[in-house]
1. Test each condition in (1) basic (K, R); (2) within 13 Å of the chain's Cα centre (by Cα); (3) modelled with pLDDT under 95 for R113 and report the one that comes out false.
2. Go through region 76-90 and give me each residue that's closer than 20 Å to E33 by Cβ and loosely packed, with under 13 Cβ neighbours inside 10 Å.
3. For region 57-75, give me each residue that is part of a helix (DSSP H, G or I), surrounded by fewer than 17 Cβ atoms within 10 Å (Cβ to Cβ) and free of Cβ contacts under 8 Å to residues at least 40 places away in the same chain.
4. Looking only at residues in region 1-38 that are surrounded by 11 or more Cβ atoms within 10 Å (Cβ to Cβ) and of a type in the set (S, T, N, Q), which one is modelled with the lowest pLDDT?
5. Check I68, I15 and return the single one that is among the hydrophobic types (A, V, I, L, M, F, W, C) and out of contact with any helix residue (DSSP H, G or I) (no Cβ under 7 Å at 6 or more places or on another chain).
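The values are calculated or read from the model by the stated rules, or taken from the named source; none is laboratory data. Since the structure is predicted, the reported quantities are computational estimates derived from the model, not experimental observations. All Cβ positions, glycine included, derive from the backbone under ideal geometry; neighbour counts span all protein chains shown.
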Amino acid sequence: MEAFGAFGAPLQDIINGYVYGDVWSRRGLGLRERSLVMVAMTAALNRPNELRVHVQGAVKNRCTPAEIREVLLLVAMYCGVPAAIDAHRVALEVFAPAGAKAAKKRAAPRKPRKPVPARPPRDRGTRARSRGPRAGR
């Protein structure tokens, strides 16, 4: 927000007072957990500038690149692959000064897995469902 100078100062005051002052100082979640949640939300919303800030904050709050990657994989499954792809790019940019080669190596695609055979459909016949160890007694 410093880039917005005097024009952005009121917004920055609100962010500092309410977001970082009130919400981030609440009990219930540690800074690491809050950082991972913020990474997930800003990635899901596809807000790369905010995501960059929160990935940097997550690293400062002792979140590992592996933990951040796991969050971004959840974003892919629940919020969409395009948002997760952009989020991976931003995360790698943040990790670059601290060793982009290591982060890229860890994020390298694995060998393809053997396909899992499809399961046959379950028999939903007339059998009564068990209600635990005492069912039918």
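1. Looking at each condition in turn, R113 falls short on (2).
2. Result: M77, Y78.
3. Selection gives K60, E67, E70, L73, L74.
4. N16
5. Exactly one residue qualifies, and that residue is I15.
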